[in-house]
Every structure is written in structure tokens, then in C-alpha cells.
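Read the figures in this text as sums done on the coordinates, not as results from a lab. Since the structure is predicted, the reported quantities are computational estimates derived from the model, not experimental observations. Quick reminder, even Gly has a Cβ in these numbers, built from the backbone with ideal geometry, and neighbours come from all protein chains shown.
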Amino acid sequence: MSFLKYENNILKFEGVAISEIAKGRTTPFYCYSQNTLIDNFNKFANSVASFDSTVCFSLKSNSNLTLLKTLEKLGAGADVVSEWEMRKALKAGISAKNIVFSGIGKTDKDIQFAINNDCFQINVESIDELNRINEIAASIGKVQKIGIRINPDIKADTHKKISTGSLEDKFGVSIEDTHKIFQNRANYSSLKISSIAFHIGSNIKELNPFENTFSLIGDLAKKINSETSIIDTIDVGGGLSPQKRNFTFEEYAKLIHKYFDLEGIKFIFEPGRLISADAGILVSKVLYIKNITGKKFIIIDAGMNDMIRPALYDANHEVLPEINNDEFEEINTDIVGPICESSDVFINIKRFNKIKIGEYVVLKDVGAYGSTMSSNYNARPLIEELLISGSEITTIRKRQTFEDFISNEV
Ligand SMILES: Cc1ncc(COP(=O)(O)O)c(C=O)c1O
């Protein structure tokens, strides 16, 4: 069910007109639908409820504290990749027992923070990192549970910049090295190496890459467990596309039943985009409109610093006018931001509603990798974030002020 729709040609989010949400506020801003977030989480969590499992929401997709608190109440754990992400998860009330720490370049501080705060599992991406975590755990005097992130060398059908599971990508440890690590695990006296993890990429629309990976890693897990019975946790990562996905959650869950021994195994799921993407919109205002040699530019007040995915990944985010006036212009049009970069283009379209300066437009499906990837480029502030739940609208992150922006500079 979509909470973003036209009613009598007026675009509404959770039943409230965009112009009403924007009244008295500075654009651009993000707005998240609480009901979409809850629906998305519950649908996925229910589909994997037959497993002994934790759904660890991936904070890199969206780490707003209010959204995290909402997810925590639904039973979510967290997938984090930095000390501050872990701090945010803890602050939102997510128990360290439900936090998995991933990432290929953890610093000593990250590792110390994770171990000191009883992080459920640290996923390791190289043998050097394994050695370092062993040393740090020894110096702290704790035994840390470890997952080995395997690079299965499987290509996901996604943009090359969000593919992570092939040997051309920097992520994970080879299958060969994984075997060696499990064979030599007695050398790591401050680690409990008892899990394998993988994540083959993001925005994956086909079941095939998951099936190939589950088959490969299911066999590996069975082989390791036939020798030692050590693996007690399998972290299958995230990556499921929320849109135009050619498989159901039930088909995905069936594959886990098919390829893994479930006896005594806990599963971790790390969805990000699936939960948060369509919960978020970016509301922006038209600043200027100009025509140059047959091409039209609609210049809006949101820029690539607020939402970088189109510039970085060629991501396609539909842009909707606040009023669907049924009057269209058939002209090659770029909807662009104000940033001094030619790549600051949100979308190119051949047909768009007649729109006027001062009207609002909405970028769809930006609740994932939107705000978390935003920056101060061109000395622009980090923008406001709102939560909408029915008619209730709350500011859940204030717009950055100039004083905030320069406070650490000398
Ligand atoms: C290790 C890991 N887990 C989970 C995710 C979340 O991916 P997605 O938002 O596609 O579900 C990512 C994203 O890159 C990741 O690197």
C-alpha cells in the first residue's frame, strides 16, 4: 500500500497535501511515512519468522533516531559499520545483542567500542582484520563472536557501484581463506569464530543471484559443520530491491530452507533499502525554469548534496508535481539542482506537467541512502527531516544552522 498518492489531482502523503506539509517550512526537506516504514518492516519480518532470526536494519540506508526507535519497537536489530552508527543504534534502544558490526576498514576505535559494548557479532573482511580484533579483544579481556564475511564471487544484477559479491569488489574473504580461518581458529584465543556472513549487493531484483549464493554458501557451511559443528549463525546480508522485484519474500525464504541446514542455526537478515526507501520523499520547490536550444531545465532547490544517488549511481527517482494538472509539455527536460556540477541532474524526461516557479515537486523513494549520503557541498546546510503519521507531522531532525555548520572550524 502506498501512502504517497494523488487525490483529486493533489499529491498527498499519508493523506496530507504536500503544500500543507510544506507550509511554513524551508525546502528542501525529507519527510518519512511512519506507516510505510512499519508496514515494510512487518511484511519482511513476518516472511522470515519461521527461522530463528533477527532482522538487523541496515543503518547506512537511514539512521535517523526516530526511525530507529520505531523499528526497535517492532523487534529490529541493527547492521552498523561505524562506531557512531553503533552509538545511534544503542541510543535508539536497540540491544547490543541484536547488533552486527560490518565494514572492511574498521578502526581500532570502532573495534574497541564494539567489543566494550558487547556487540553480538563483528563481521570480518580480511585476515589482517581478524588478527587485529583478536589482539584488541585480548587486551580488553573478552572473547568476541566473529562472522567471516565471504566473497562468493557472484555477480548480482545491479549497478556496478552497488555490487559487492564478486572478487572484483573489495568486500569479504575468499572461500579458500574462509576454510583456512575455520581450520586455524584455535590460534585466535580471544575470538569465537562461529558465523559466516555475506552480502552480494544492493537493489537486487532477481532471485537467481541469491539462489546461487545460498547454494554455494549452504554447501560450505555444511562442509565446515561436518568437520567441527562450529557455525551457529549465518548472516545473509540485505540487498533485496523494494521496487520491481521479480520474486516474493516467500520465494526468498524458501531458498533458505532449501539450501541451509536450519538445525541450531540463527539467521541474520540485514535489509536497508527494502525497509526505508519508499518510506521517504524529498520535497523541493521550483526556483527557476529556463529553455536553452530546445531543451528545458527545471531548477529546483534540492541538490545532489541532499540526494546524491542520481549523480552517483544513475539512480532513477520519479519526480512528481504537487498538482497533477493534466497539462503536459512534450519537451526534453532536465530537472536539476543548484549545485555547481553538471552531474547535479535528478532526472531527464521527455514529458512533464506544466509547472510554475514556486510550486513543489516530490522525489519518490528516497528514504534509503538519501539523507545518510547527504553533505554540506557548496556550503549548503543538512536539511530538515520530518515524520508524518496520519495528520501528525513532527520534525525529527532540525535543519542545520550556519552556526552548527561552522562550529568546528577555527
Ligand atoms: C553488509 C551490508 N549489509 C546490508 C546492506 C544493506 O543493503 P540494502 O540496503 O540493499 O538492503 C549493505 C549495503 O550496502 C551492506 O553493505
Note to self: Quick query: amide H of residue 346 versus all other amide H atoms, modeled in the peptide plane; which residues come in under 5 Å with a sequence gap of 5 or more or a different chain?
What the structure shows: 335, 336, 337
Next item on the list: Provide the gained length on full extension for the span residue 345 to residue 109, in nm with one decimal, where the gain is 0.36 nm per separating residue minus the Cα-Cα distance.
Entry: 81.2 nm
Notebook entry, point to check: So if R0 is 41 Å, what FRET efficiency would residue 139 and residue 261 give, r being the distance between their Cβ atoms, rounded to the nearest 0.05?
Noted result: 0.70
Notebook entry, point to check: Rounded to the nearest 500, what is the chain's calculated 222 nm mean residue ellipticity when only DSSP H runs of at least 4 contribute -39500 (n - 2.57) each, over all residues?
Noted result: -8000 deg cm²/dmol
Next item on the list: Excluding residue 191 itself, calculate the net charge of residues whose Cβ lies under 9 Å from the Cβ of residue 191, where each Lys or Arg counts +1 and each Asp or Glu counts -1.
Entry: +3
Margin query: Taking amide H atoms as placed 1.01 Å from N in the peptide plane, list the residues 5 or more away in sequence, or in a different chain, whose amide H sits under 5 Å from that of residue 104.
Written below: none
Next item on the list: Quick one: check the C-alpha center-to-center distance for segment 326-382 versus segment 83-160, whole angstrom.
Entry: 36
Checklist line | Longest to shortest principal axis, alpha-carbon extents of segment 9-161, angstrom | finding: 61, 34, 33
Next item on the list: Mind computing the radius of gyration and Dmax over the alpha-carbon atoms of the chain? Å is fine for both.
Entry: 22.7, 71
Notebook entry, point to check: In terms of modelled amide H atoms, which long-range or inter-chain residues lie less than 5 Å from the amide H of residue 191?
Noted result: 144
Next item on the list: Set the Förster radius R0 to 51 Å, insert the Cβ-Cβ distance between residue 326 and residue 406 as r into 1/(1 + (r/R0)^6), and round the FRET efficiency to 0.05.
Entry: 0.65
Check: What ³J(HN,Hα) values, in whole Hz, does the Karplus curve 6.51 cos²θ - 1.76 cosθ + 1.60 give for segment 46-55 when θ = phi - 60°, with x put for Gly and Pro?
Finding: 5, 6, 10, 5, 6, 9, 6, 8, 10, 8
Check: In percent, how large is the relative contact order of the chain, given Cα pairs closer than 8 Å and 6 or more residues apart?
Finding: 19
Next item on the list: Only Cα pairs under 8 Å and at least 6 apart count here; give the relative contact order of segment 213-324 as a rounded whole percent.
Entry: 23
Check: If we count trypsin sites (Lys or Arg not before Pro) as exposed when they sit in a DSSP loop and have at most 11 other beta carbons within 10 Å, what is the longest stretch of the chain that avoids them all?
Finding: 24-169
Check: Just for the chain, what percent of DSSP beta bridges are antiparallel, to the closest 5?
Finding: 50
Notebook entry, point to check: Full extension from residue 168 to residue 97: what is 0.36 nm times the residue separation minus their Cα-Cα distance, to one decimal in nm?
Noted result: 22.3 nm
Check: How big is the antiparallel share of DSSP beta bridges in segment 34-273, given as a percent to the nearest 5?
Finding: 5
Notebook entry, point to check: If you plug each phi of segment 399-407 into the Karplus form 6.51 cos²θ - 1.76 cosθ + 1.60 with θ = phi - 60°, what whole-Hz ³J(HN,Hα) values come out, in order, with x for Gly and Pro?
Noted result: 5, 5, 9, 4, 5, 4, 5, 9, 4
Check: For segment 34-273, what is the per residue volume of the convex hull drawn over the alpha-carbon atoms, in cubic angstrom?
Finding: 110
Notebook entry, point to check: If you stretched the chain out fully between residue 376 and residue 394, how much longer would it get, using 0.36 nm times the residue separation minus the C-alpha to C-alpha distance?
Noted result: 4.1 nm
Next item on the list: Please tell me the relative contact order of segment 306-363 in percent, rounded to the nearest whole number, where contacts are Cα pairs under 8 Å and at least six residues apart.
Entry: 42
Notebook entry, point to check: Which FRET efficiency value, to the nearest 0.05, do you get for residue 297 and residue 128 by plugging their Cβ-Cβ distance into 1/(1 + (r/R0)^6) with R0 = 56 Å?
Noted result: 0.70
